[in-house]
Structures are given as structure tokens and as C-alpha cells.
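A short worksheet on the structure shown next.
Each reported figure results from applying straightforward, stated rules to the coordinates on display, with no laboratory input. Computed from a predicted model, the values in this text were never measured in an experiment. Note that we place each Cβ from the backbone using ideal geometry, even for glycine, and neighbour counts take in every protein chain shown.
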Amino acid sequence: MKTCVVGLGITELGHVPGKSILMLETEAARLAIQDAGLREADIDGAIQMKSDIGGGMRMRQDDAFPRILGLPVKFYMENVGRGGENVAKAFMMAEQLLQRGICSYVVCSGARDDWSRSRKFKKAGRRGTPYIHKEGAFAPMMGDSPPGFHGLLATRHMHLFGTTSRQLGQIAVAQRDWACLNPAAFMCGHPITIEDHQNSPIVAWPYHLLDICLQSDGATAFVLTTEDRAKDTKKAPVYVSGIGFGEHLQSLYWDKKHYSMLPIPTARDGAFRQAGITLDDVDVAEFYDCFTTEVMLQLEGYGYCGVGEGGALVEAPGMIGPGGKIKFNTGGGLLSSHHLGNITTVSEAVIQVRSEGGKRQVPDVEVAIASGHGGEILAGQMCSIHSTMVLTRGG
Amino acid sequence: MSNFGFPSPQFNEDMQPFFEGTAQRKFKMMRCRQCGFWNWPYGGCRNHDNEAYLANMEWSDASGRGKVHSFTIARVPFNDAFPVPYVYAIVELDEGPIIPTNIVGCAPEDVRIDMPVTVVFEDAPNGLVLPRFKPV
């Protein structure tokens, strides 16, 4: 019996000052339960979709959103995941709870307060969202920063394949065009051109400001249940048809591939096999897009083009963006909508499968994929995880 | 809550021999006594199964040479312990492993992928001696 998403709850996104992570998680859970047509008393399992990375309120904690909302759960798990792949791990855990009959309805909720935190530090003359230095982490002593270590992928791709900053910029422009069709996107109403991308300041060469994702406040929650129970909920179910994972631990340093590819193949193959699909069946792809190069590596890794051909693909007329052949990051993604890790990619996939996308809706979406990425160990990209989820309209 | 300033990650006993090495201006890597396989940081041999607690691996003097595998140039400061510009890089060591580091001793815009580099040791504000790399 398959597992289905039957509820989706999304709070205000972007700048949401004055709300704690816990209160945002609580509100998203409340909205998701309402969206499913369920009562809070129906929920008997809860999972917090959060990683330890980042420190502060992102660390493990004693309090929990099910306590605040008063959910009578018999199972609560906090902090699943290593980085931006936690929805895939949360759904896998939820599926176990449901399929083993431990729980009937599981709510997974996750929040971030990155925008508010970064503002506090900017007022103090600092930048970014500082995080607790992990025990034994070597690279922070070398001044690694997210744009600094994610940019290694861009420099390497440029070196190997002649990829240009302008080509990466095409991804930023295409996603901004999608965001302009999504009223909930932070950058809706602010279209950009390739010249805007090229003229934006260089943060960590080769990355311009417009190669870099947003920092957001907000929360999103999902309610999951089994296929049979899903018949009684308010909206048509979205089937969780495939979940797959890949790790750079599969190859470590000796293959020297980390900086020109993501560990997509096993994640893709596992998820696609479970769902019984091929790439041709995918109507929309929601790629984890912390930076522009990750998107290019996924266009290559999922097989929309060959390795090293991403640059040519994104600048070919009619290929990407709202009018393009390949429909990806249809809500604007982390680059132009909001950054809740892969909660952003999965929520947009659910919206598309439900045909709730309004102006940005892709017609007749039967199959959506949503990816996740992150969880650096020791140094950026030294060991990163990739997750693939396949969400479908039918079982 | 704020953690700005130069990082002071707590290294456990697995990494102590490495920093004891850098304090003496020596670049050490782990080497397999059985087959000569090199690893960095602490880690086992991938050519065959390992002995208890990686007893087959030994911290050994290494060349400290390599080439730039990839790099970025920080232009916007995110932490004032690291004045910009500076080069954050991954160096592929001659023995095979990669190391996150900085390229020093040349202008950031002169750094190239595959450029040969050699280790230099610099005293860090956290009391450790860190390996950075400069062009050969």
C-alpha cells in the first residue's frame, strides 16, 4: 500500500519577523492538518524536518511543535537529515510508521528563520548566518563560506567544460521568470535580465549575487497517510511513489568527481525504479537550487543532457523558463521564491501534482520529481547527499 | 549565539598527530603500512580491509605538494577574521587525497586550476599551525 501526501500547509514566506522556528512549525502543521480536512486529534505521528547544520535554534531542542499544538502523537522525531534532503528522510520515516501500523496520520513540519537571523547580524555589522563550528571541521579555518565552497563546483565545471558565468546566469533568469508567476515567491514582481546577473556584485568568484539563493523565514508542513485512508481526506492524494538517495561517500576523494558532479545516479535510479518511471515520464522537476551550478549539474545528472553539456542546454532558445521545453523549479526555487531546504522543492511538486499552481501551473502534471542536496562533511562537497523523490497523481 | 571570529573547532585524538606535525612544519598524511595507500584526513585504506582501529594506517611525512583542483575568490567578507580578497581552494595532493585550504603567495586572480602548489605553514589565531599552499 502506498503512502500519500494529503495535506500541505505553508505559512507566510520570506520576511516573517517576530516568529520563532517552533511557532512557524506549529502554524504550518495546523494549516496542513486543516488542508487535509483532518482534526488535530487525528494526528498520531509527528516529524520535525530540520537539520542540525546552522546551530542555535536549529540544534536539537527540548520543546516541540506537537506539544505547542497539542497533537496527541505517539511518535515524535526531531532533526532528520544532514542538510537540504530532510524531507526525503522524513517521508521515509513517516512511511515506516504508516506501513507498520504504528501511526495513521503523520505530520512533517519544518521551518527556518534565516532571514531574521541574518538581519540581526547585519545590524551588528556582520554578514550571513553564523553557525556553530562543528567538532573537527577543518575547512572553516580556511574561511569556507557557502558561496565559497559551492562555487568550487562552478569553477571546476568552467575549467572542464568551458561553462560560462553567463550560462549560469540563464538559470537564474529562467527561475526568476517562474517566480514572477508565483505570488508567494519573494522575488515575484522583480524580473531580471542576463545583464542584471552579470552586473550583480561578485560575492565569491565566480559567483555573482544572483547565482546565490535567498535566505528565508517561514515553514511548510505535510500530512501523510496510507492510500486507503487518503480516500477520506479533503483533497486528491499525491502519491509518494519513489524515494532515492546518493552519497559522495560512494566515491570519496579518489575519483576526483565531487566538484563536477552530484551523487545523482543511485538516487535517481532508486526513486525512478520504485515509481516505474523514466525521465520521459517526468512532467515537472523541482531541483534543489542553493546555487546555479547545482541546477546545471542536475540537468546533466538526471539526463536532460550529457555531462558537460549543461551550458549549451540552458542558453539554447526555448529550453528553460516558463515557455521552455524543460519545466523545472516552477515556483522560482530557492533562488527566487524561498529557501526552506528541500521543503521548497517538495511543496512545489505537491502543488504542481495537485494542479494548484495558478499562473505557473504546468498542464496535466502526472509525475513530479523533487530533489534535495547538502550535508557537507569536513569540507564543502567532500561528502554530500542527494535525494530524489517522485510524486505522482496516480498510485 | 554569534560565532564570528576565527574558528576554533575542537579536534579529537584522531587529528592530533596531524597538528603535532604542522607545529613542527611537517605535512603528515595517513599511509597504509601494508600497501602504501595514502589518506587525508584520518581514514583507512581503500585497497583492502583494515585492521582494528585502522592499525594499518600510520601518520607519515608526505610531500606537501599538489595542484589546485578548484577554487573561489572571496570578494565579500562573511567573517572579519578573514579579510577579503582571499582564495579558498581544494588542493589535490600528489599522494592523491584532497585538502581544503587557501592559496597564498600570489594575487588571487593569478590562481589557476592545475597550478602546482606546495605547502606553507602559518600560525593561526586559534593556536594551531595551518597548512596553506603557494605556487611552486
request  = Quickly work out the A:Asp269-to-B:Asp14 label distance, labels modelled 7 Å from Cα along the C-beta direction, and quote it in nm with one decimal.
outcome  = 2.8
inquiry  = Spelling out what I want: for every residue of segment A:16-21, take phi, set θ = phi - 60°, compute 6.51 cos²θ - 1.76 cosθ + 1.60 (Karplus), and round to whole Hz; glycine and proline get x.
reply    = 10, x, x, 10, 6, 4
task = List the residues whose amide H sits under 5 Å from the amide H of A:Ala204, counting only those 5 or more places along or on another chain, with H placed 1.01 Å from N in the peptide plane.
result = B:Arg75
remark   = In cubic angstrom per residue, the convex hull of the protein assembly as shown built on its Cα atoms measures 148
request  = Quick one: P(r) of segment B:63-136 from all Cα-Cα pairs, 5 Å bins, percents rounded to integers, in order of increasing distance.
outcome  = 3, 17, 27, 25, 17, 8, 1
task = First check a/c for segment A:298-395, with a ≥ b ≥ c the square roots of the eigenvalues of its C-alpha gyration tensor; if it is under 1.5, answer rounded, and if not, answer prolate when a/b is larger than b/c or oblate otherwise.
result = oblate
message = Run the helix sum for chain A: -39,500 (n - 2.57) per DSSP H stretch of 4+ residues, divided by residue count, reported at 222 nm to the nearest 500 deg cm²/dmol.
response = -9500 deg cm²/dmol
query = Which cross-chain or sequence-distant (5 or more) residues have an amide H under 5 Å from the amide H of A:Gly242, H modelled 1.01 Å from N in plane?
reply = A:Val390
key: Label-point separation, B:Ala52 to B:Val84 (7 Å along Cα→Cβ), nm   = 5.3
task = Throw me the Rg/Rh for segment B:13-62, computed over C-alpha atoms with Kirkwood Rh, two decimals.
result = 0.97
remark   = If amide H atoms are modeled at 1.01 Å from N in the peptide plane, then the residues at a separation of 5 or more from B:Val117, or on another chain, having amide H under 5 Å from its own are B:Gly66, B:Lys67, B:Val68, B:Val136
query = Which residues does a label at A:Lys235 reach in segment A:98-112, if reach means a backbone N under 20 Å from a point 7 Å past the Cα toward the Cβ?
reply = A:105-112
task = Once you have the Cα-Cα distance between A:Asp228 and A:Lys257, take 0.36 nm times their residue separation minus that, and quote the gain in nm to one decimal.
result = 6.0 nm
ask   = What list of ³J(HN,Hα) couplings, whole Hz, do you get for segment A:101-116 from phi and the Karplus terms 6.51, -1.76, 1.60, once you set θ to phi - 60° and write x for glycine and proline?
value = x, 6, 10, 9, 9, 10, 9, 10, 10, x, 9, 9, 10, 5, 5, 4
query = Of all the C-alpha pairs in segment B:1-89, what % are more than 16 Å from each other?
reply = 67
ask   = Hey, which aspartates and glutamates would be in cross-link range of A:Lys122, C-alpha to C-alpha under 17 Å, not counting anything within fewer than 8 residues on its own chain?
value = A:Asp113, A:Asp114, A:Asp217, B:Asp80
message = Over chain A, what is the relative contact order in percent, taking alpha-carbon pairs closer than 8 angstrom and at least six residues apart?
response = 25
ask   = Tell me which lysines have Cα within less than 18 Å of A:Lys327's Cα, excluding those fewer than 8 residues away on the same chain?
value = A:Lys359
message = Using the Karplus curve 6.51 cos²θ - 1.76 cosθ + 1.60 with θ = phi - 60°, what ³J(HN,Hα) values do you get for each residue of segment A:4-12, in whole Hz, with x for Gly and Pro?
response = 10, 8, 10, x, 9, x, 10, 7, 4
request  = Provide the gained length on full extension for the span A:Phe75 to A:Leu160, in nm with one decimal, where the gain is 0.36 nm per separating residue minus the Cα-Cα distance.
outcome  = 25.8 nm
